[in-house]
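The values are calculated or read from the model by the stated rules, or taken from the named source; none is laboratory data. None of these values were measured; they are calculated from a predicted model. Because the Cβ atoms are built from the backbone with ideal geometry, glycine has one as well, and the counts that use them run over all protein chains shown.
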Amino acid sequence: MNKFYETLDMATKQATLARGLPDGRVQCLACAHRCKISAGMRGICQVRFNEDGRLMAPWGYVSGLRADPIEKKPFAHFLPGSIALTYGMLGCNFHCAYCQNWFTSQVRRDPVCDEAVGTMRAITPAQVAQAALQMNARTVVSSYNEPFITIEWSTAIFKEAKAAGLHTAFVSNGYGTPEAINALLPYLSAIKIDLKSRNDKTYRKLGGVLKHVLETIELSLKAGLWVEVVTLLVPGMNDSLDELFALTKTISGYSTTIPWHVTGFHANYKMRATENTTAESLTRAAEIGNEAGLKFVYAGNIPGAVGSYEDTHCPSCRQTLIIRRGYRILENRITAGGKCPRCSSEIPGIWE
Ligand code: SF4
């Protein structure tokens, strides 16, 4: 076996989000692919595998550990201006041609990513929580690769983080299962979910099925998690008016107070020939979100070029509440209790 893959397979532990099948295979319940895996075989993500009838899952390492502004996740209504200690692992259950983190996410699926195994660093859940406290972070976040495929490891970290008084969050493509969300619920504060398209054909090209992402959004809201939705606006993929009308209507159908971030694509990975999203296109998408009734619409990745779409406004009196430029908070006027200081309307989110 390739030496990189040996290292990766050794950093595993038996999965709990799994069940044995009568035919001897094991079914993974961590993500909506629900892979049924024969002995010696792997799931679609390639990092969970059946070893002698036991499903093995990533454990005991991070491939990135950074103190980021929470605005970078992006979250707009979750402890603005605070630090989020963010870790990633390796692998993904999708294969988006424009992935910004492709070097770590596409390990074992694309040979050019083999050397990402060199980024693995052994660590314990308690050490991650300790690092968050040392860095004055308020939140521990699983991001950079898809968190659902490494859910057992995140649950262990989040238990430690919660015990230390920290918040926790997933930055996810939303390809979850009810079993996975239920397992996480006692330890998870918030989830950012990508709604990459409103078109199932597009989702299938990226490696998933639209309806499962919609189910994750719905389940997360019903479970009481703080949810923000993100759409990376990729020219030619999801930026038509019809698609944007349908996508924003879907979000507002769940709730008009879900923050929706529409963010700019930068040429990357297998889509280096595609033009970057323009500020005009982002602003037009944000306006469509407003027309669909969404009360908190944010345009990201082109700081200073999208007018007030980086800021938070009170939906009742239009007072500007938070002024942002990129990941920086220039002013935050929301009261400690999460209200507009002018009209006292409650602004949904986690503010303390
Ligand atoms: S995490 Fe998803 S892709 Fe990976 S083995 Fe489990 S069900 Fe399959």
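Tabulated data for the structure shown
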{"item": "Near pairs, Cβ below 9 angstrom, 6+ apart or cross-chain, from segment 23-34 (closer than 18 Å to Leu210 by Cα) to any residue that is within 7 Å of the ligand (Cβ to nearest atom) and aliphatic (A, V, I, L, M)", "result": "Ala30/Ile149; Cys31/Ile44; Cys31/Ile149; His33/Ile44"}
{"item": "Residue tally, condition surrounded by fewer than 18 Cβ atoms within 10 Å (Cβ to Cβ) and not in a loop (DSSP other than H, G, I, E, B), over segment 299-312", "result": "2"}
{"item": "Complete set of residues in segment 35-71 that are hydroxyl-bearing (Ser, Thr, Tyr) and touching a residue at least 40 places away in the same chain (Cβ under 8 Å)", "result": "Tyr61, Ser63"}
{"item": "Only listed residue being in contact with a Phe, Trp or Tyr (Cβ under 8 Å, 6 or more places away or on another chain), at pLDDT 95 or above, away from the ligand (no atom under 13 Å from the Cβ) and among the hydrophobic types (A, V, I, L, M, F, W, C), chosen from Leu79, Leu55", "result": "Leu79"}
{"item": "Residue that is farthest from the ligand (Cβ to nearest atom) [pool: residues in segment 9-29 that are part of a loop (DSSP other than H, G, I, E, B) and in contact with a Lys or Arg (Cβ under 7 Å, 6 or more places away or on another chain)]", "result": "Leu21"}
{"item": "Tally, over segment 119-155, of residues that are in contact (Cβ under 8 Å) with a residue 40 or more places away in the chain and part of a helix (DSSP H, G or I)", "result": "10"}
{"item": "Selection count, segment 41-52, where residues are within 14 Å of the ligand (Cβ to nearest atom) and more than 21 Å from the chain's Cα centre (by Cα)", "result": "5"}
{"item": "Evaluation of Glu275 against (1) part of a loop (DSSP other than H, G, I, E, B); (2) of a type outside the set (Ser, Thr, Tyr); (3) modelled with pLDDT of 95 or more (one fails), failing number", "result": "(3)"}
